[in-house]
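Following: one structure in structure tokens, then a few remarks.
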Amino acid sequence: MMQRLRTLAYGALTCLGRQTVSGILTASGQQFKDWSAAYRLFSENRIDIDKLFEISQKEVIQELTEGQILVALMDDTILKKTGKKVFGTSWRRDPLGPPFQTNFIWGQRFLQLSLALPSKEGLSQSRGIPVDFHHCPTAQKPGKKASVEDIKQYKEASKQLNLSIQGVERLKKLRQSLDDQGAEERELYLSVDGSFTNSNVLKNLPDRVTIIGRIRKDTRLHKIPEKANHIGRKRVYGERIPTPEEIRKSDDIQWQQVKGWAAGREHTFNVKIVKDLRWESAGGKHNLQLVVIRPLRYRLTKSSKLLYKAPAYLICTDNNLDIEKLLQAYLWRWEIEVNFRDEKTLLGSGKAQVRNEQSSANIPGFIAAIYSYLLIAAHKTYRKTNRNKLIPRPKWYPRKENQRLSTGEIINLLRSQLWSKALGCGSFSGFVKRELETRSRKNYAPALSSAICYMRN
């Protein structure tokens, strides 16, 4: 079984066509063998996806130094489907739709947790390594003729299948798994967007987990109440403070300059910090610090006018967390969006034509697991390798110094190594040197064995 799983993993990474199960089998040279065993591998739960992710968790922890914080990234995504009988599918709001029109797509909803793996200590870029990929379907609404008992069960199932509730459960499982991997003394910092900064998450956070999340500009926050000697119930919330938007516009609090790595280079951000706060509607008894980030200006081109990004308002459940680490942990959250793009476009997550409950959840999870293995292997192999020693990038690619390898380039390197081994050619020097020249024109014809290894998606 492990040999078959290994074959499917290589087939998923080298598949050039549609990333269905049959396409993966064809890429691995299994098209003339019985394919039913590969389907049963997923449909009958013969592999434990959580065990595959435990390997990724262990590798990330080993790569982190004592000075680097352990940051988790959590978000949900939708895998588009066309079949109406695929398990867990329903109509969902399209996140890529325009703001003036709500569009709907038919698909499955998955929740992913990734761990940030920085390239070095201090301010640096980071890769998001997937460590959990969980199917989160919604409860099926009963028909008009449903009984009272059916409606009651539907309401109860809707509460249990709430995305935030499932996110907390997966977070607890990740925290326990990290403890088993030997990281019980490390604090886990969770970076999320506004959809997970709510009462379901904040009031049910597991121990040794600090959340860094985005909030609305009109959020109502309160100071911690002062100690009083009067008789009666102890106060939980103190005086109400201005909204985050009002704090941003006010001159009462001075801006501070903080450096952070984002968009491929180091930036200087202006922030305002307010500590010792509580959020009445969602935060419970958590002591929070509020971080207001001034809009960052940029230019699309050197000659274009200045444009500004939207301001950001963050809360953190750790009052003593250093502002530079807090800001960097939130900036790394973008890496989970990169994960989603790579899983869908490069590895074909959700393309498999299966529809039963086990297969529809296990195959996307398997794709996410081998994707995490690929990123970890590339981090270990190429972190100290000069780009000039690798296959040169195409001429139309922009040349930037110290630019990390993209996932497409990593997959291309893997394919070149596998195919060169199969073809018996270990060098690619013939592809970048002129082999055939004429007197009239200095053209060259690259070797076929080298050219085929240069294939890209």
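The values are calculated or read from the model by the stated rules, or taken from the named source; none is laboratory data. The structure presented is a predicted model; accordingly, all values stated were derived computationally and were not measured. A quick note on method: Cβ atoms are made from the backbone with ideal geometry, for glycine too, and the neighbour counts reach across all protein chains shown. Accessible surface areas use protein heavy atoms only, side chains included; no ligands, DNA or RNA. Shrake-Rupley method; radii C 1.70, N 1.55, O 1.52, S 1.80 Å.
With Cα atoms defining each centre, the stretch 121-168 and the stretch 337-388 are spaced 22 Å apart in the structure.
Taking every Cα-Cα distance in the chain and sorting them into 20 Å bins from zero, the calculated P(r) comes out as 20, 50, 25, 4, 0, 0 percent. Just need the relative contact order of the stretch 70-167 here, percent rounded to a whole number, with Cα pairs under 8 Å and 6+ apart. Once divided by the residue count of the stretch 70-167, the mean separation gives 24 percent.
Rounded to the nearest angstrom and listed largest first, the equivalent-ellipsoid semi-axes of the stretch 299-388 from its Cα gyration tensor are 32, 21, 19. Computed from Cα positions, the angle between helix 407-423 and the longest principal axis of the chain comes to roughly 30 degrees.
Highest-first packing order for the peptide set 91-97, 310-316, 251-257, 81-87 is 310-316, 81-87, 91-97, 251-257, based on the mean count of other beta carbon atoms within 10 Å. For the chain, the solvent-accessible area of protein heavy atoms averages 58 Å² per residue (probe radius 1.4 Å; ligands and nucleic acids excluded). Would you calculate, for the chain, the mean residue ellipticity at 222 nm contributed by helices, counting each DSSP H stretch of 4 or more residues as -39,500 (n - 2.57) and dividing by all residues, to the nearest 500? My calculation for the chain gives -10500 deg cm²/dmol from helical runs alone.
State the percentage of accessible surface on the stretch 318-394 attributable to carbon and sulfur atoms; use a 1.4 Å probe and exclude ligands, DNA and RNA. Using a 1.4 Å probe with all protein chains present, the stretch 318-394 comes out at 47 percent carbon and sulfur. Hey, what angle do you get for helix 163-180 against the long axis of the chain, alpha-carbon based, 0 to 90 degrees rounded to 10? Long axis of 163-180 versus the principal axis of the chain: about 70 degrees. Ligands, DNA and RNA left out, the accessible area of the stretch 45-130 computed with a 1.4 Å probe is 51% carbon and sulfur. Axis of helix 334-345 versus longest Cα principal axis of the chain: the two differ by about 40°, to the nearest ten degrees. Mean separation of Cα pairs under 8 Å and 6 or more residues apart, divided by the residue count, gives the chain a relative contact order of 17 percent. The fraction of accessible area contributed by carbon and sulfur in the stretch 188-305 is 44 percent, rounded to a whole number (1.4 Å probe; ligands and nucleic acids excluded).
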